[in-house]
Amino acid sequence: MSAFIRRWAAGTASRLHWIDFDAYACAVFAGGTASWTRDPDRRAAVLAQALGVVGSEVVTLDLIAPFLSGRHGVPSGVGADPAACAAALLTADQPAAYIATLIDALAHRLGGRADIALSVPSPRDVLVALGHPAASAPSFDALDDVGMALSDLTRSWSAKPIDALVIRVSDLAAWNADEAEATGAVIAAVQHFGWTVALDAGGSGTRGVAWPPPDGFLETVAADLFLFAEAPAEDLATRSDRRFGGGLGQAFWAGTPDPDALSRWPFTFGTIPPTTRPEEVNVRLSALSAGAV
């Protein structure tokens, strides 16, 4: 493993450049192929090719998408219960085999050029994806069931060359003590494997309060890193907290970031919008690499 993330978290690296480009690679380098979650060798090849353009020190893989695609392994009778549906989905053999092959193929192609991070939704977001009403808080039992299922799922790859787990939280305003406890079980499990844990609460699709985080939120999560793509780089530089990555949000991809602030903050994080034109992405990344954005 190349350990870019681990060295940054430990304070032994001077920078960390992390861009999530999985959806962009599928749209631009693979033509939006429907086989993205079914053909692991092709996906690994495309991601390795895209990495050469993007230059990220991390390749992030959505761990849950292959399970949600086609709703593998969900027996009849559990569809109305999102927690039971999640438990059935996350034990399905076909997507698990796909992920295992993808990790091995990608690690082989990367050859140490970048870390591999797996990304999962928070327990609440898994339940919402499977039918729980977004406007209501799930029960602790439901959240706990999903947390245990996610822990068991990640344990399947504890011996794989994985550097980090990213937990995506779509709505910080809906975060509560029950979700914090259920997520904490997942965090404790993967930290036991030696993986770094990052919490991503800064994507452009985040609902509710995204930045700055609500008072007390950070204290509820034992994550090693916090990813806030929409956090202005000047805010991150002012905080001077190595746990925070960001600065590459919508303003960056639209071509309107603060160049001085970005040059002062060494932990850059963001997601390339899949609809962004390749020539625009190339201009932004070239400028970022040159320190002239």
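The values are calculated or read from the model by the stated rules, or taken from the named source; none is laboratory data. Small disclaimer: the values here were computed from a predicted structure and weren't measured. The accessibility values were calculated without ligands, DNA or RNA, using every heavy atom of the protein model including side chains. Shrake-Rupley method; radii C 1.70, N 1.55, O 1.52, S 1.80 Å.
Mean projection of the alpha-carbon convex hull of the chain over all orientations, in nm²?
Computing the convex hull of the Cα atoms and averaging its projections yields 14.0 nm².
Tell me whether the stretch 109-265 comes out rounded, prolate or oblate; compute the Cα gyration tensor, take square roots of the eigenvalues as a ≥ b ≥ c, and use a/c under 1.5 as the rounded threshold.
It comes out oblate by the Cα gyration axes.
Taking the alpha-carbon set of the stretch 159-199, what are its Rg and Dmax in Å?
Cα only, the stretch 159-199: 11.4, 35 Å (Rg, Dmax).
When the convex hull of the Cα atoms of the stretch 80-146 is projected onto a plane and the area is averaged over all directions, what value comes out in nm²?
5.5
Show the residues, 5+ positions off or on another chain, whose built amide H is closer than 5 Å to the amide H of L248.
Long-range HN contacts for L248: F269.
If I build a Gaussian network model for the chain, linking alpha-carbon pairs within less than 10 angstrom, which residue out of T91, T183, T271 has the largest mean-square fluctuation?
Sorting by GNM fluctuation, first place goes to T91.
Taking the Cα atoms of the stretch 1-140 alone, what are Rg (to one decimal) and Dmax (as a whole number) in Å?
Cα-based Rg and Dmax for the stretch 1-140 come out at 16.9, 53 Å.
In percent, how large is the relative contact order of the stretch 7-146, given Cα pairs closer than 8 Å and 6 or more residues apart?
27
Residues with amide H under 5 Å of L61's amide H, sequence separation 5 or more or different chain, H placed in the peptide plane at 1.01 Å from N; which?
A117, L118, S119
In whole Å, how far is the Cα centre of the stretch 48-63 from that of the stretch 1-31?
Their Cα centres are 6 Å away from one another.
Roughly to the nearest percent, how much of the accessible area of the chain is carbon and sulfur, given a 1.4 Å probe?
The value for the chain is 51 percent carbon and sulfur by accessible area.
Restricting the calculation to Cα positions, tell me the Rg (one decimal) and the Dmax (whole number) of the stretch 66-186 in Å.
Taking only Cα atoms of the stretch 66-186, I get Rg and Dmax of 15.0, 46 Å.
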